Amino acid sequence: MLVNAVSALMGALLMAGAVQAQEPDAAAQNRAWGKCKACHATDANASRNEGPTLFGIIGAPAGIVADFKSFSPAMKNSGVVWSEEALDKFIAKPHTFMPGNTMPFSGMPREADRKAVIAYLKSHNGLKK
């Protein structure tokens, strides 16, 4: 009897963790990305925007995007590789995470919004969620 109760409790905890780990839905991703798309795009050859394309950003070094010449020295010399964790910290407070960067954005305080932007970037770069 105790074994069944423990098994049921463990199953419920695992299911709760699985629910928490789900990616934000497409509507949430698009809503959050709306704050970024004025300056950024996610297609490989985007050069029409104020900021660099974010195509393939996850796993890429900061400050290196072909055809984008306006990176600040802080960005170019940061040594940052854009992991999901680094992106989360940067999107939250860009000027705290990378002092001296020139992106005109004060940050995205809501964790859910940052996770949605990162999920959007993953889904628009051929990366698995």
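The values are calculated or read from the model by the stated rules, or taken from the named source; none is laboratory data. All figures in this text were calculated on a predicted structure; none of them were measured in a lab. We place every Cβ from the backbone using ideal geometry, glycine too, and count neighbours over all the protein chains shown.
Out of segment 1-34, which residues are in a loop (DSSP other than H, G, I, E, B), modelled with pLDDT of 80 or more and surrounded by fewer than 15 Cβ atoms within 10 Å (Cβ to Cβ)?
Once the filter is applied, which keeps residues that are in a loop (DSSP other than H, G, I, E, B), modelled with pLDDT of 80 or more and surrounded by fewer than 15 Cβ atoms within 10 Å (Cβ to Cβ), segment 1-34 yields Gln22, Asp25, Gly34.
So if I check each of Ala38, Ala62, which one is surrounded by 12 or more Cβ atoms within 10 Å (Cβ to Cβ) and closer than 26 Å to Arg110 by Cβ?
Ala62
Just to check your reading of the model, which residue among Phe71, Phe97 is aromatic (Phe, Trp, Tyr), farther than 17 Å from Ser123 by Cβ and surrounded by 19 or more Cβ atoms within 10 Å (Cβ to Cβ)?
Unique residue meeting the criteria: Phe71.
What pairs can you find where one residue is in segment 61-90 and of a type in the set (Val, Ile, Thr), the other is assigned to a strand (DSSP E or B), and their Cβ atoms are less than 6 Å apart, with a gap of 6+ or different chains?
Between residues of segment 61-90 that are of a type in the set (Val, Ile, Thr) and residues that are assigned to a strand (DSSP E or B), the close pairs are Val81/Pro61.
Within segment 99-127, which residues are farther than 17 Å from Ala44 by Cα and charged (D, E, K, R)?
Arg110, Glu111, Asp113, Arg114, Lys115
Of all residues in segment 74-92, count the ones that are closer than 18 Å to Leu121 by Cα and not hydrophobic (A, V, I, L, M, F, W, C). Lay out the reasoning, then the answer.
Of the residues in segment 74-92, the ones closer than 18 Å to Leu121 by Cα are 80-92.
Checking the rest, the ones that are also not hydrophobic (A, V, I, L, M, F, W, C) come to 83-85, 88-89.
Going through segment 74-92 one residue at a time, the tally reaches 5.
Going through segment 21-38 one residue at a time, which ones are within 22 Å of Ala60 (Cα to Cα) and free of Cβ contacts under 8 Å to residues at least 24 places away in the same chain?
Correct list: Lys37, Ala38.
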